[in-house]
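The values are calculated or read from the model by the stated rules, or taken from the named source; none is laboratory data. Treat the numbers as computed from the prediction; the structure is a model and nothing was measured. Glycine also receives a Cβ, built like all others from the backbone with ideal geometry; neighbour counts cover every protein chain displayed.
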Amino acid sequence: MKSVRLYLRLILTFISKFKLILILGIIVGIVAFMAFSKIVPTFEITKQTIGVIGEYSVDDLPISITSLISSGLTKTNERGEVSPAIAESYEAKDSGQTWTFHINKNMKWQDGATITSKDINYNFSDATVEKPDKFTVIFKLKTPLSNFPVIVSKPIFKVGLLGTGEWKVKNLSLAGSFVETLELENSDKIKLFKFYPSEERAKLAYQLGQINYLQNLMNPAPFDTWDQARVTPIINKNQYVAVFFNTTNTILADKEVRQALSYAIDKKSLSENRALGPISPNSWGYNPTIKPYDFDIKHAKTLFQESKIPEDDKKHPKIKLSTIPALLSTAEKIVKNWKDIGIDATLQVTQFIPDDYQAFLGIYDIPIDPDQYFAWHHTQLQTNISKYSNPRIDKLLEDGRLETNESKRKSIYLDFQKYLLEDAPAAFLYYPTYYNVERK
């Protein structure tokens, strides 16, 4: 006890003797700490672990990811309008057959190196490339193509996914030829993308706590009932759900039959997000005045009876609707609608488009440019789902690719949508809704 009292007496004596210095030191320390925290920011690295559904190689990663890392010669906005990116300017010659891009001399790769023409590594089988100097690239196409600036908006990279953007690749792991994880970082954040082959696998990873953010679910269950999960619906107007009619089929080759089937579908019961045609409403080339094919059972029956199909088919019409598992509930409603106008409609669930299908319900990716050549031109055997052939539509699609004046191009695509909808090679239904899930 004596030693304790001795230490206390010494401490009190020390404080009494140097109390001004101690008080001043505390004040100076507080002021210095506050000033330091104002001058030097506090760096807190935040990490987001994101689940992505789908199998991707390094060369075909989703544009939503690659655009974080790098840019192309150009860039596009939601409306499909093009502006400079790596190239500060560009011009067309020979009616869009020759395109010259001038690289911004201040553009640099993420390693600090200046971007030059030798770094532009697009590989087009139907174009020759000339690089007359360090900052000029010339593409000479086999045929004119007015939307070529949209094509070169695809991000480009140096070896190792080195790009031009805010986000850098930190780590990349593969499972065979497919990307398993991709880690990106910027000054104070990390995004770790984990890839899963199916929605079910991605959901399980979220339930096990392996990811804290899940993108583009078609079905939000069971997370829409979880208190600790925030579910956000996202309407994707860069895709549409449609019934594609096989126009080479005996029954569906008749325009009146296709129109009747379109009118017979109660589209409002499927979704509030109606899709009227093949071009996104966000696009500069969208036509809002095209035929909507609003639900009309009476008109559908009349059209069907006025059609020129064989009498046996008219008396006992049979149509099989094929679809993918994700759209089964939508397909069931459509089949019921068709039965209501006297059609013996049946349903087939498949993982792909059958060769001999009559009608196929699917999800179609809308290109950022109004050009729909691959989807509807009669020469496009692999991508023309409806096997559609119409000389007027072919001519409009060809003209749209040749015309470099945007105002004239818009007029062409307005007509394209008008005449395509009149011919009804597909019944356009709605824009799909996806769901993002994150922990609260």
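Structure values in brief
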item: Subset of the range 167-187 that is over 20 Å from the mean Cα position of the chain (by Cα) and part of a loop (DSSP other than H, G, I, E, B) - its residue that is modelled with the lowest pLDDT; result: 187
item: Residue under evaluation residue 342, criteria (1) surrounded by 14 or more Cβ atoms within 10 Å (Cβ to Cβ); (2) closer than 13 Å to residue 358 by Cβ, criterion not met; result: (2)
item: Residue within the range 403-414 that is acidic (Asp, Glu) and within 27 Å of the chain's Cα centre (by Cα) present; result: yes
item: Answer residue from the range 221-257, given it is of a type in the set (A, V, I, L, M) and not in a strand (DSSP E or B) and is surrounded by the fewest Cβ atoms within 10 Å (Cβ to Cβ) among those; result: 221
item: Unmet criterion (only one of (1) more than 16 Å from residue 362 (Cα to Cα); (2) assigned to a loop (DSSP other than H, G, I, E, B)) for residue 278; result: (1)
item: Residue under evaluation residue 434, criteria (1) at pLDDT 95 or above; (2) touching a Ser or Thr at 6+ places or on another chain (Cβ under 9 Å); (3) surrounded by fewer than 20 Cβ atoms within 10 Å (Cβ to Cβ), criterion not met; result: (2)
item: Filtered residues of the range 274-285 (kept if touching a residue at least 60 places away in the same chain (Cβ under 8 Å) and either buried (at least 16 other Cβ atoms within 10 Å of the Cβ) or in contact with a Pro (Cβ under 8 Å, 6 or more places away or on another chain) (or both)); result: 274, 275, 276, 277, 278, 279, 280, 283, 284, 285
item: Selected residue (criterion: farthest from the chain's Cα centre (by Cα)) from residues of the range 354-383 that are among the acidic types (Asp, Glu) and surrounded by fewer than 18 Cβ atoms within 10 Å (Cβ to Cβ); result: 356
item: Residue, nearest to residue 313 (Cα to Cα), within the range 343-395, restricted to residues that are small (Gly, Ala, Ser) and out of contact with any helix residue (DSSP H, G or I) (no Cβ under 6 Å at 6 or more places or on another chain); result: 359
item: Condition broken by residue 220, with the remaining ones in (1) free of Cβ contacts under 8 Å to residues at least 60 places away in the same chain; (2) within 25 Å of residue 280 (Cα to Cα) satisfied; result: (1)
item: Residues located in the range 119-150, provided they are modelled with pLDDT under 95 and acidic (Asp, Glu); result: 126
item: Residues that are surrounded by 15 or more Cβ atoms within 10 Å (Cβ to Cβ) and not hydrophobic (A, V, I, L, M, F, W, C), drawn from the range 303-332; result: 307, 313, 314, 317, 320, 322, 323, 330
item: Unique match (being hydrophobic (A, V, I, L, M, F, W, C) and assigned to a loop (DSSP other than H, G, I, E, B)) among 211, 190; result: 211
item: Complete set of residues in the range 175-193 that are crowded, with 19+ Cβ neighbours inside 10 Å and charged (D, E, K, R); result: 191
item: Pair list, Cβ under 9 Å, 6 or more apart: the range 376-400 residue farther than 9 Å from residue 416 by Cβ, other residue at pLDDT below 95 and surrounded by fewer than 16 Cβ atoms within 10 Å (Cβ to Cβ); result: 385/353; 387/381
item: Condition met for residue 320 (in a helix (DSSP H, G or I), farther than 27 Å from residue 282 by Cβ and more than 27 Å from the chain's Cα centre (by Cα)); result: no
item: Odd one out for residue 263, checked against (1) surrounded by fewer than 16 Cβ atoms within 10 Å (Cβ to Cβ); (2) among the aromatic types (Phe, Trp, Tyr); (3) closer than 27 Å to residue 347 by Cβ; result: (1)
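The rows are residues; the columns are (1) surrounded by fewer than 18 Cβ atoms within 10 Å (Cβ to Cβ); (2) among the small types (Gly, Ala, Ser); (3) outside the structural domain of residue 243 (by TED's automatic domain parsing); (4) over 14 Å from residue 279 (Cβ atoms).
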residue	(1), (2), (3), (4)
385	no, no, no, yes
394	yes, no, no, yes
397	no, no, no, no
400	no, yes, no, no
408	yes, no, no, yes
412	no, no, no, no
419	yes, no, no, no
422	yes, no, no, yes
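Residues are listed down the side, and each one gets a yes or a no for (1) at pLDDT 95 or above; (2) β-branched (Val, Ile, Thr); (3) in contact with a strand residue (DSSP E or B) (Cβ under 8 Å, 6 or more places away or on another chain); (4) within 22 Å of residue 416 (Cβ to Cβ):
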{"position": "271", "(1), (2), (3), (4)": "yes, no, yes, no"}
{"position": "275", "(1), (2), (3), (4)": "yes, no, yes, yes"}
{"position": "278", "(1), (2), (3), (4)": "yes, no, yes, yes"}
{"position": "294", "(1), (2), (3), (4)": "yes, no, no, yes"}
{"position": "302", "(1), (2), (3), (4)": "yes, yes, no, no"}
